[in-house]
Amino acid sequence: MTSPSESLRVVAATKSGTDPASRFRVRQLLPALRGLGVEVDEVMARPVRRNVGAMLGPLGAHVQALRQWGRLPALSRRYDVTWILRELVFNRRTLERFTHRPRVLDVDDALFHQRAGKAAPQIAKLARCMDLVVCGNDYLAQWFSQHAPVTIIPTAVDAARFRPAPRPSRNPFVVGWIGTSSNFPNLEVAQEGLALFLRRHPSALLRVVADRRPDLPLVDAARWDFVPWSESSEVQALQGFDVGIMPLADTPWNLGKCSFKMLQCMAVGLPVVVSPVGMNQEVLAKADLGRAATDAAQWADELAGLAQDADLRRRLGDAGRGVVLRDYDVPVVAPRVAAALRSVT
């Protein structure tokens, strides 16, 4: 093992400039890792022609891998550690086993549940060619520990960037959701409860921040608005909420979620209302920082309680911010990542 005083050179294989896992599990940590003596060069996937995999079937996945990552095995030999974010090609093991060892796989989703569980054998093979799997939560670690050494490191939130801002006491009261359109099915879990809450509270508003506009047929179109997501405006968008929500369907896939939307809201000092699914329950248990909701009536009631009590919102928001600073901030998480990368050398 290299000592903390020795420089460690790492190549990190990530997905894209806007991919949330690439941004938050790797890219935002790079300055802090550099200060800890870990020099990371990030290599993003090359563009792939649309529908190649669909046209060529299993062979298409390998074609994609060669287009995206053909240079990675040779490139990785210049480094001390190869750090791979998720699988290189969706739900398959491809070129990972040809990269330079030691190899670290970083996982923030239940990849083994992809394709209704049919991806599990490939993901198991992927894990077995790794020297360490860094898992975003305990649920992921339990599965991957059957196939490789694991360590649990949550997704960090940069609390210096995601920070509270003054929120004027004015109408409307904003209930906010932020995420990618791939997660719209989870937003729909709370749709009935949101509609009920908005009917009872005429001065309230639902705001959705995402890459495209969702379809919310149960919610009066005049009672919600859509804000296009951008990296430059995401913090300001969160600061414009009065309460943040993270609804989740109770599915095997969502048990692997790393509660990042919840943590983002907490970092800017918001109280949260969330589905008590997977890691959300773990975070809720850390302090009195939010409320759980499992059905439409609970969603409406919990949001109503927060809408009517500014002092409660402030108290829960402060507690949530404190949990982020203690357990999830970049200066807390980056040393754990550095130690994990050093541990395999």
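Take VAL235 and tell me if it is among the aliphatic types (A, V, I, L, M) and in a strand (DSSP E or B). The answer is no for VAL235.
Taking the stated definitions as given, is ALA165 in contact with a helix residue (DSSP H, G or I) (Cβ under 6 Å, 6 or more places away or on another chain), in a loop (DSSP other than H, G, I, E, B) and not assigned by TED's automatic domain parsing to the domain that holds ALA12? Please lay out each step first, then the result.
Working: in contact with a helix residue (DSSP H, G or I) (Cβ under 6 Å, 6 or more places away or on another chain): yes; in a loop (DSSP other than H, G, I, E, B): yes; not assigned by TED's automatic domain parsing to the domain that holds ALA12: yes.
Considered against the rule, which asks whether it is in contact with a helix residue (DSSP H, G or I) (Cβ under 6 Å, 6 or more places away or on another chain), in a loop (DSSP other than H, G, I, E, B) and not assigned by TED's automatic domain parsing to the domain that holds ALA12, ALA165 comes out as yes.
Looking across segment 24-33, just one residue is within 17 Å of ALA45 (Cβ to Cβ) and without any contact (Cβ under 8 Å) to a residue 40 or more places away in the chain, and that is ARG27.
Please go through segment 168-191 and pick out each residue that is of a type outside the set (Ser, Thr, Tyr), part of a loop (DSSP other than H, G, I, E, B) and touching a residue at least 24 places away in the same chain (Cβ under 8 Å).
Kept after step one, since they are of a type outside the set (Ser, Thr, Tyr), are these residues of segment 168-191: 168, 170-179, 183-191.
Now restrict to residues that are part of a loop (DSSP other than H, G, I, E, B): 168, 170-172, 179, 190.
Scanning segment 168-191 gives ASN171, PRO172, GLY179, ALA190.
When GLY269 is tested against (1) over 17 Å from the mean Cα position of the chain (by Cα); (2) within 15 Å of TRP177 (Cα to Cα); (3) free of Cβ contacts under 8 Å to residues at least 60 places away in the same chain, just one condition goes unmet, and that condition is (3).
Do we find that VAL283 is over 17 Å from ARG23 (Cβ atoms) and not polar (S, T, N, Q) in this structure? Taking the combined requirement at face value, the residue satisfies it. Among residues of segment 105-139 being touching a residue at least 60 places away in the same chain (Cβ under 8 Å) and part of a strand (DSSP E or B), the one that is farthest from ASP19 (Cα to Cα) is LEU132.
Whether any residue in segment 307-316 is within 21 Å of PHE197 (Cβ to Cβ) and surrounded by 23 or more Cβ atoms within 10 Å (Cβ to Cβ) is what I want to check. Looking through segment 307-316, at least one residue is within 21 Å of PHE197 (Cβ to Cβ) and surrounded by 23 or more Cβ atoms within 10 Å (Cβ to Cβ).
Scanning segment 73-96 for residues that are farther than 21 Å from ARG115 by Cβ and free of Cβ contacts under 8 Å to residues at least 60 places away in the same chain yields PRO73, ALA74, ARG77.
Condition test on SER275, is it at positive phi and crowded, with 22+ Cβ neighbours inside 10 Å? Steps first, answer last, please.
On the way: at positive phi: no; crowded, with 22+ Cβ neighbours inside 10 Å: yes.
Taking the combined requirement at face value, the residue does not satisfy it.
The values are calculated or read from the model by the stated rules, or taken from the named source; none is laboratory data. The model shown is predicted, which means the values in this text are computed figures rather than measured ones. Neighbour counts are summed over all protein chains in view; Cβ atoms, including those assigned to glycine, are modelled from backbone coordinates with ideal geometry.
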